[in-house]
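What follows is a set of notes on a single structure, which appears directly below.
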Amino acid sequence: MSAIESVLVENRVFAPSPATVKAARISGMAAYDALCAQANNDFEGFWARLARDHVVWSKPFTRTLDESNAPFYKWFDDGELNASANCLDKHMGTPVENKTAVIFESDDGTVTKTSYRELLTRVSQFANALKAHGVKKGDRVLIYMPMTLEGVIAMQACARLGATHSVVFGGFSAKALQERIIDAGAVAVITANYQMRGGKELPLKAVVDEGLGMGGCESIKTVFVYQRTSTACNMVAGRDKTFTQALAGQSNECAPVAVGAEHPLFVLYTSGSTGKPKGVQHSTGGYLLWAKLTMEWTFDLQNTDVFWCTADIGWVTGHTYVAYGPLAAGATQIIYEGVPTFPNAGRFWQMIERHQCSIFYTAPTAIRSLIKLAEGDSKVHPDRYNLDSLRILGSVGEPINPEAWMWYYKNVGHERCPIVDTFWQTETGGHMINPLPGATPLVPGSCTLPLPGIMAAIVDEAGHDVPNGVGGLLVVKRPWPSMIRTIWNDSDRFKKSYFPEEMGGTIYLAGDGAVRSADRGYFRITGRIDDVLNVSGHRLGTMEIESALVSHTALVAEAAVVGRPDDLTGEAVCAFVVLKGARPTGDAAKAMAKELRDWVAKEIGPIAKPKDIRFAENLPKTRSGKIMRRLLRSIASGDTATQDTSTLENPAILEQLGQTW
Ligand code: PRX
């Protein structure tokens, strides 16, 4: 567990300016402490008050938290609501009705603005189209869309009908799509003919066709196709409908369907420790409460803000901080279709200036790659742009290294904008540990303190608290409203993955190592303690990639996948492969490595392609036959000096394992 042992010594502290504190919703540490005290003193009362104040209930709840079947916790469970009504309808008749909800900038720079009123109309019309094709409350709908307003409309329309959506990131393969359709038992797919990224037209519908063609997807009755570009795509008569066909004649009014607070709003697949991705199931009431509230707490959202979260809707960040949170909070938000480096690496800065963005939320990987490009080419340096509109910066998805933090703070935020480094996960639904911009003094590389009501702690393997300064396992000791409810179709795995018996079976184990600073008790996340990798903020399971490699049965005899540190992507995928034939070298090894990379892209998606492939005659194993992963991790990161290789059966393979193709 080396990841949790390291302790960072970081002495720089940046307190919010008095003006920031004064204007903030949660103003100063005393206000933060007061909220924490409320949660500590009356846990259920605290959450009940927030849920009444921040959510519109069509039927008010009377029970706040039901722990009788822990860890299957229920929140507000006799209450009823609709998520889409909480994002759209509730603003009608208020000043937000005609406010811009979404500023959409396409890949080629075309900008369209949509008001809350117009968005409600479009969501209602699309919901009617879904309804007309038989989609109803309780159904699952798979969404495989580009990062466009239409993607958000598809999600909101499902929510309006009480249908559970499952969004799959547009970079996943046909096989990944097929597996998710089968696991979720989806009745419809919402997709686009193509997506535009970096000036390139990339197929989506063709991938859907391929996935459906792999079999087992008979549950799918309709495929809705948004024509993002004018290029034609294959359409299957009777099954496939363009958006235009589906929307024709549909009314632009659609009554939101009330659902119970625990009704599954969405299932989002993510990687875990085994080969099979898990469908993380979220609720409607508790999830929505936290999506809205964290917009206000973490980002100190004000009426005049222009919010921009750069995450794709295929990830949880794009769910909570694009599709739901900003709308529930009545914000104006920017949605951007493309990549940060097109047409050049100044695109983000140019868009901040163009749309007067005031809250900017992105991933450390994007920052690191833009630093590299900006430092190499002054034309794309943030200095070239007017970033005065910014007031708050955010970071999400992976640890942000202090150097990247400082660059972001100085060059983008001009030492004026607090950086909220937000630690959370697909499973947590929303922010868990992060500074509050008008309260928390910032320390680079630290996500600082848990939000009020989030009972995060660091414990040893037996579940006992460890002192500050000592690394341990990150846990959450009490449930919270937006937490994962179960793994779709696999409640046993839910219990085993997150609520270990050794700790009593009711404490949430995050899967990350963490340490609290000796002086302030600030949290710093030291990385995953399981077989999950974080590559460019994308979560990948090593077992998933191993399964993909060994499924190439003609070539691969055995494979082991580990992560190694990478300056740009945080971690990189490193695969050790034993082939069925002789160990290749030279050009043959290069060609074989390419074939295997392409294979993984086909099986999972290009994001999972191993960066390093190493061929060996066998893998290092203990005498009992277990692969020595710790040794492989050291070899992958180029550090073998400290490893004990005495139990290794064939020490000569170490040299082979060190050679990358
Ligand atoms: O390891 C932690 C890392 O990302 C994991 C969760 O990944 P995912 O479910 O894909 O959600 C990402 C977006 C919320 C965590 O277990 N992680 C996320 N945010 C941070 C982080 N690590 C350090 N600091 C963060 N701010």
Problem set entry | Answer from Ser482, Ser497 - the residue that is of a type in the set (Ser, Thr, Tyr), open to solvent by less than 10 Å² (accessible area, probe 1.4 Å) and more than 24 Å from Leu442 (Cβ to Cβ) | Ser482
For this session: Give just the number: which of (1) within 30 Å of Ser369 (Cα to Cα); (2) away from the ligand (no atom under 16 Å from the Cβ); (3) modelled with pLDDT under 95; (4) not small (Gly, Ala, Ser) does Thr526 not satisfy?
Result: (2)
Problem set entry | Tally of residues being out of contact with any helix residue (DSSP H, G or I) (no Cβ under 7 Å at 6 or more places or on another chain), surrounded by 13 or more Cβ atoms within 10 Å (Cβ to Cβ) and in a helix (DSSP H, G or I) across the range 7-32 | 5
For this session: Name the one entry in Gly445, Gly469 that is surrounded by fewer than 24 Cβ atoms within 10 Å (Cβ to Cβ), within 12 Å of the ligand (Cβ to nearest atom) and more than 25 Å from Pro264 (Cα to Cα).
Result: Gly445
Problem set entry | In the range 594-617, the residues that are open to solvent by less than 30 Å² (accessible area, probe 1.4 Å) and not hydrophobic (A, V, I, L, M, F, W, C) | Glu603, Gly605, Pro610, Asp612, Arg614
Exercise. Take the residues of the range 393-410 that are outside any helix (DSSP H, G or I) and within 12 Å of the ligand (Cβ to nearest atom): which is surrounded by the most Cβ atoms within 10 Å (Cβ to Cβ)?
Worked result: Gly394
For this session: Give the residue, chosen from Leu370, Leu390, that is touching a Gly at 6+ places or on another chain (Cβ under 7 Å), open to solvent by less than 10 Å² (accessible area, probe 1.4 Å), of a type outside the set (Ser, Thr, Tyr) and more than 16 Å from the ligand (Cβ to nearest atom).
Result: Leu390
Exercise. Any idea which of (1) open to solvent by 40 Å² or more (accessible area, probe 1.4 Å); (2) touching a strand residue (DSSP E or B) at 6+ places or on another chain (Cβ under 6 Å) is the one Ser251 doesn't satisfy?
Worked result: (2)
For this session: Test Val577 against the stated conditions and say whether it is without any contact (Cβ under 8 Å) to a residue 40 or more places away in the chain, aliphatic (A, V, I, L, M), open to solvent by 30 Å² or more (accessible area, probe 1.4 Å) and within 21 Å of Gly625 (Cα to Cα).
Result: no
Problem set entry | Verdict on Ala323 being under 16 Å from the mean Cα position of the chain (by Cα), more than 15 Å from Arg197 (Cβ to Cβ) and within 16 Å of the ligand (Cβ to nearest atom) | yes
Exercise. In the list Ala514, Ala557, Ala575, which residue meets the criterion of being in contact with a strand residue (DSSP E or B) (Cβ under 9 Å, 6 or more places away or on another chain), within 16 Å of the ligand (Cβ to nearest atom) and not in a loop (DSSP other than H, G, I, E, B)?
Worked result: Ala514
Exercise. Quick one: is Pro565 more than 16 Å from the ligand (Cβ to nearest atom), touching a residue at least 60 places away in the same chain (Cβ under 8 Å) and surrounded by fewer than 19 Cβ atoms within 10 Å (Cβ to Cβ)?
Worked result: no
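The values are calculated or read from the model by the stated rules, or taken from the named source; none is laboratory data. Here the structure is a predicted model, which is why all the values come from computation and not from measurement. No Cβ is skipped: glycine too gets one built from the backbone with ideal geometry, and neighbour counts run over all protein chains shown. Surface accessibility is based on the protein's heavy atoms, side chains included, excluding ligands, DNA and RNA. Shrake-Rupley method; radii C 1.70, N 1.55, O 1.52, S 1.80 Å.
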